[in-house]
Amino acid sequence: MTFELFYWPGLQGRGEFVRLAFEATGTPYVEIVQGDGPGQGMDGLLHTMDDPACMHPPYAPPFLRVGDELIGQTANILAYLGPLLGLVGESPRARRWVNQLQLTLADLVAEVHDAHHPIAGRLYYSNQRAEARKRTAELIDYRLPKFFGYFERVLANNPLTGGWLAEGAMSYADLSLFQVIEGLRYAFPRAMSGFAKAFPRCQAVRDAVAREPLIAAYLTSSRRVPFNTTGIFRHYKALDRASPF
Ligand SMILES: N[C@@H](CCC(=O)N[C@@H](CS)C(=O)NCC(=O)O)C(=O)O
């Protein structure tokens with residue numbers, strides 16, 4: 001089975017949530033935009049996504065090709081990969097729970113994106129600076145405490161999961177929580193400075209994921225694109241501020 005990942009070049013973006021699942025499990029995957037063969041590179045991505053004859057096209061990257069099937073939407077890709085890669089429990093109930101956590105993280109990711117692009121994703125940040133400041137204040141003052149308060153409560157209420165979000169083993173939701181915390185630490189170092197103290201269980205998930213041998217190796221490899229100001233998590237000094245936590 002060959003897993004072909006389609007995602008924009010030069011940024012982690014939502015593609016990173018899928019990469020982490022492959023990397024954590026040592027699963028080989030092909031990054032289509034990095035190839036220069038037929039059907040690869042940016043042309044390969046765009047032609048595949050926009051193929052007018054495709055009956056089940058993805059709306060936007062990231063998407064995966066497995067055989068002749070295209071699978072889009074980050075949470076949907078992970079719901080597909082989770083059982084195959086051993087990143088979710090066996091029972092339908094466990095799978096729904098991890099999917100629910102992933103969808104909640106996807107909501108947070110969308111809000112982080114909209115903090116620097118509150119008016120329109122197709123416009124530059126520089127065209128919406130004033131609105132971005134207001135929206136980021138809302139994110140930092142209210143939304144981050146609410147989201148992380150939720151994940152902290154989940155972890156506190158499930159003491160038998162070994163510190164993971166579900167079922168006593170690392171799931172793809174733990175990988176995604178790690179990524180969101182890492183991204184926010186890059187984007188808002190000032191706001192996140194008190195994070196570990198305010199949300200120790202979330203921080204412990206982040207640390208445990210970072211210690212996973214394959215993840216630790218990936219994070220120092222050239223495959224891990226550095227955070228930058230083209231991704232979802234962007235550092236603009238003017239937006240960072242002290243947080244209530
Ligand atoms: N809900 C989708 C969102 C996908 C998405 O917004 N992808 C971005 C890149 S991270 C994109 O290229 N969007 C283009 C668009 O929305 O027009 C997911 O979680 O995969």
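Numbers at a glance
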{"quantity": "Which numbered condition ASP207 misses (of (1) without any contact (Cβ under 8 Å) to a residue 12 or more places away in the chain; (2) more than 22 Å from ALA75 (Cα to Cα); (3) touching a Gly at 6+ places or on another chain (Cβ under 6 Å))", "calculated": "(3)"}
{"quantity": "Residue ID - nearest to the ligand (Cβ to nearest atom), chosen from residues in the stretch 51-105 that are of a type in the set (Gly, Ala, Ser) and under 21 Å from PHE3 (Cα atoms)", "calculated": "ALA60"}
{"quantity": "Selection from the stretch 1-30 of residues that are aliphatic (A, V, I, L, M) and either in contact (Cβ under 8 Å) with a residue 40 or more places away in the chain or near the ligand (Cβ under 9 Å from one of its atoms) (or both)", "calculated": "MET1, LEU5, LEU11, VAL18, LEU20, ALA21, ALA24"}
{"quantity": "Helices (runs of 4 or more DSSP H) within the stretch 171-223 that include 3 or more residues charged (D, E, K, R)", "calculated": "172-187, 200-211"}
{"quantity": "Cβ pairs under 7 Å, 6+ apart, first in the stretch 67-92 and of a type in the set (S, T, N, Q), second within 16 Å of the ligand (Cβ to nearest atom) and not in a helix (DSSP H, G or I)", "calculated": "THR74/ARG14; THR74/PRO62"}
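Every number here is computed from the coordinates shown, using simple stated rules; none is lab data. These numbers were taken from a predicted model, which means no experiment stands behind them. Every residue, glycine among them, receives a Cβ derived from its backbone with ideal geometry; neighbour counts consider all protein chains shown.
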